[in-house]
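Trainee: Handing you a structure now.
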Amino acid sequence: MFFERIEQAPADPILGLTDAFKADPRSSKINLGVGVYQNEDGITPVMKCVKEAEQILLEEEKSKTYLPITGFPEYGQFARELIFGKDNPLATDGRAVSCHCPGGTGALRIGADFIHQQHVSNTVWISDPTWANHYQIMTSAGIKFERYPYYDRVNHSLAFERMLETLLQAKEGDVVLLHACCHNPTGVDPTVEQWETLGAFLKEHKLLPFVDFAYQGLGKGLNEDAQGVRILNKYCPEMLIASSFSKNFGLYSERVGVLTVTSEDVETAKRVLSQIKIAVRTAISNPPAHGEKVVLKVLSDTRLRSMWEQELSEIRERIHKMRQELVDKLSAAGAGDYKFFVEQNGMFSFSGLNKEQVEKLKADFGVYIVGSGRICVAGLNERNIDRLVEAFVAVTRE
Ligand code: LMR
């Protein structure tokens, strides 16, 4: 038999939680596992700007023929404007090339395929902790990984000195995978000064930044969240950026992402793009159209774009409000000082709960969070926050 020896794989540490949550019969259960925004009613809504764009597209669409291998050029340009800023020459001058990929994951994988296939590097340095999928994306593309420390668990802050100290061991030409903002899972990002130091460090040690940009607009704002990438690019004209529109457009299931690669000059960038095309053609042939068309429609229409920016800022503000409430309620319940929750950015808070406590939350209270102790605060609302606090206090008191 061919398949008899195949072993059962473990459930995915994040998406597997959603399956377990769905199978849980308790009506009081709360899903704070996967990084998906839920509104006050516990629903992950389709954004209004997206719905409108879809209605227009339904009327306008005349064909479902293939998209170009890298997606529509205008889509790439909008993505670059979001990353670098509208007035930055990189958005238009040809040194940066972009390619529509299926979600941020697809962009990471195509970027990793490009790095491996073109012998750019064979080692990537990944933050510890990080999004669990980073490891398997890189290794399945044939790149081995090393870890650099990222989080100071005592002070709930960035372990910046230890990070740089460890990265001194990286060899010239190694890749360093960074989170542009809203670090997943810690919610802790470098300051502007730290980004500057990091940029100079990467340049000095000839390391290639590969930036995972999955949460633009979910932290401090569309421009504010892009500051790190923009700073790095001043020092490192060559870099890769994997952007996602899953979270900031709520287009999770449409798999809309972009890989952007910057080079020192236009001629190099053209050659880079030609190889990325091969990587895409080999992996998926060409990208799915719907999500890309929606993003393009919203970003190119002044009214829809301002609706999007407004909706996104409401999401960001609601997440921030829930963070603050969580801190206040935990403090009122005598759980201690969790002020650091409001200092973390984006959808996640790194609670400090250990594996046993996380298990207990699930078993005794039906509260699902990721095994690392990551809580998706974007899933909190006025109806479930008290139950979370009660469960949190119970598991931390024992
Ligand atoms: C998460 O970290 O929860 C999200 O990025 C969803 C995923 O694919 O893991």
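Trainee: For the range 257-305, enumerate the residues that are open to solvent by 40 Å² or more (accessible area, probe 1.4 Å) and hydroxyl-bearing (Ser, Thr, Tyr).
Mentor: Answer for the range 257-305, where residues must be open to solvent by 40 Å² or more (accessible area, probe 1.4 Å) and hydroxyl-bearing (Ser, Thr, Tyr): Ser274, Thr282, Ser300, Thr302.
Trainee: Hey, another quick one. Quick one: which residue in Lys51, Lys62 is open to solvent by 20 Å² or more (accessible area, probe 1.4 Å), basic (Lys, Arg) and within 26 Å of Glu314 (Cα to Cα)? Step through it out loud before you land on a result.
Mentor: Values: Lys62 fails: within 26 Å of Glu314 (Cα to Cα).
Exactly one residue qualifies, and that residue is Lys51.
Trainee: In the range 358-367, what residues are surrounded by fewer than 21 Cβ atoms within 10 Å (Cβ to Cβ) and without any contact (Cβ under 8 Å) to a residue 40 or more places away in the chain?
Mentor: If the condition is that a residue be surrounded by fewer than 21 Cβ atoms within 10 Å (Cβ to Cβ) and without any contact (Cβ under 8 Å) to a residue 40 or more places away in the chain, then Glu359, Lys360, Ala363, Asp364 are the ones that fit.
Trainee: So which helices (runs of 4 or more DSSP H) stay within the range 290-371 end to end and still have 3 or more residues that are aliphatic (A, V, I, L, M)?
Mentor: Values: elements: 290-300, 302-332, 340-343, 355-365.
The qualifying helices (runs of 4 or more DSSP H) are 290-300, 302-332, 355-365.
Trainee: Kindly indicate which of Pro190, Pro237 is more than 16 Å from the ligand (Cβ to nearest atom), more than 29 Å from Glu309 (Cβ to Cβ) and not in a helix (DSSP H, G or I).
Mentor: On the way: Pro190 fails: more than 29 Å from Glu309 (Cβ to Cβ).
Only one candidate passes the filter, namely Pro237.
Trainee: What number of residues within the range 141-165 are open to solvent by less than 70 Å² (accessible area, probe 1.4 Å) and either of a type in the set (Gly, Ala, Ser) or outside any strand (DSSP E or B) (or both)? Please lay out each step first, then the result.
Mentor: Of all residues in the range 141-165, those open to solvent by less than 70 Å² (accessible area, probe 1.4 Å) come to 141-143, 145, 148-152, 156-160, 163-164.
Among the residues that remain, those that are also either of a type in the set (Gly, Ala, Ser) or outside any strand (DSSP E or B) (or both) are: 141-143, 150, 156-157, 159-160, 163-164.
The qualifying residues number 10.
Trainee: Continuing with this model, one more query. Which of (1) exposed (fewer than 13 other Cβ atoms within 10 Å of the Cβ); (2) at pLDDT 95 or above; (3) of a type outside the set (D, E, K, R) does Leu15 not meet, given it meets every other one?
Mentor: (2)
Trainee: Continuing with this model, one more query. Of the numbered conditions (1) at positive phi; (2) free of Cβ contacts under 8 Å to residues at least 40 places away in the same chain; (3) surrounded by 16 or more Cβ atoms within 10 Å (Cβ to Cβ), His119 satisfies every one except a single condition; which is it?
Mentor: Checking His119 against (1) at positive phi; (2) free of Cβ contacts under 8 Å to residues at least 40 places away in the same chain; (3) surrounded by 16 or more Cβ atoms within 10 Å (Cβ to Cβ), the one that fails is (3).
Trainee: Here's something else I'd like to know. Could you check Tyr150 against (1) away from the ligand (no atom under 16 Å from the Cβ); (2) touching an Asp or Glu at 6+ places or on another chain (Cβ under 8 Å); (3) hydroxyl-bearing (Ser, Thr, Tyr) and say which number it fails?
Mentor: (1)
Trainee: Since Val192 meets every condition but one in (1) open to solvent by less than 40 Å² (accessible area, probe 1.4 Å); (2) in contact (Cβ under 8 Å) with a residue 24 or more places away in the chain, which condition does it not meet?
Mentor: If we test Val192 against (1) open to solvent by less than 40 Å² (accessible area, probe 1.4 Å); (2) in contact (Cβ under 8 Å) with a residue 24 or more places away in the chain, just (1) comes out false.
Trainee: Going by the structure shown, is Thr70 touching a Ser or Thr at 6+ places or on another chain (Cβ under 9 Å), in contact (Cβ under 8 Å) with a residue 40 or more places away in the chain and assigned to a loop (DSSP other than H, G, I, E, B)?
Mentor: Details: touching a Ser or Thr at 6+ places or on another chain (Cβ under 9 Å): yes; in contact (Cβ under 8 Å) with a residue 40 or more places away in the chain: yes; assigned to a loop (DSSP other than H, G, I, E, B): yes.
When the stated conditions are applied, Thr70 passes them.
Trainee: Let me ask something else about it. Test each condition in (1) touching a strand residue (DSSP E or B) at 6+ places or on another chain (Cβ under 8 Å); (2) open to solvent by less than 20 Å² (accessible area, probe 1.4 Å) for Glu238 and report the one that comes out false.
Mentor: Checking Glu238 against (1) touching a strand residue (DSSP E or B) at 6+ places or on another chain (Cβ under 8 Å); (2) open to solvent by less than 20 Å² (accessible area, probe 1.4 Å), the one that fails is (2).
Trainee: Please specify each residue of the range 28-43 satisfying the condition of being within 12 Å of the ligand (Cβ to nearest atom) and either open to solvent by 40 Å² or more (accessible area, probe 1.4 Å) or not hydroxyl-bearing (Ser, Thr, Tyr) (or both). So that I can check it myself, show each step before the final result.
Mentor: Pass one, the range 28-43, residues within 12 Å of the ligand (Cβ to nearest atom): 31-37.
Selection gives Asn31, Leu32, Gly33, Val34, Gly35, Val36.
Trainee: When both residues are 6+ apart or on different chains and their Cβ atoms are under 8 Å apart, which pairs have a first residue that lies in the range 97-116 and is away from the ligand (no atom under 13 Å from the Cβ), and a second that is of a type in the set (Asp, Glu)?
Mentor: Short answer, once both residue conditions are applied: His100/Glu292.
The values are calculated or read from the model by the stated rules, or taken from the named source; none is laboratory data. Just so we're clear, the structure is a prediction, and the values are computed from it rather than from any experiment. Because the Cβ atoms are built from the backbone with ideal geometry, glycine has one as well, and the counts that use them run over all protein chains shown. Please note that ligands, DNA and RNA were not included when accessible areas were found on the heavy atoms of the full protein model with its side chains. Shrake-Rupley method; radii C 1.70, N 1.55, O 1.52, S 1.80 Å.
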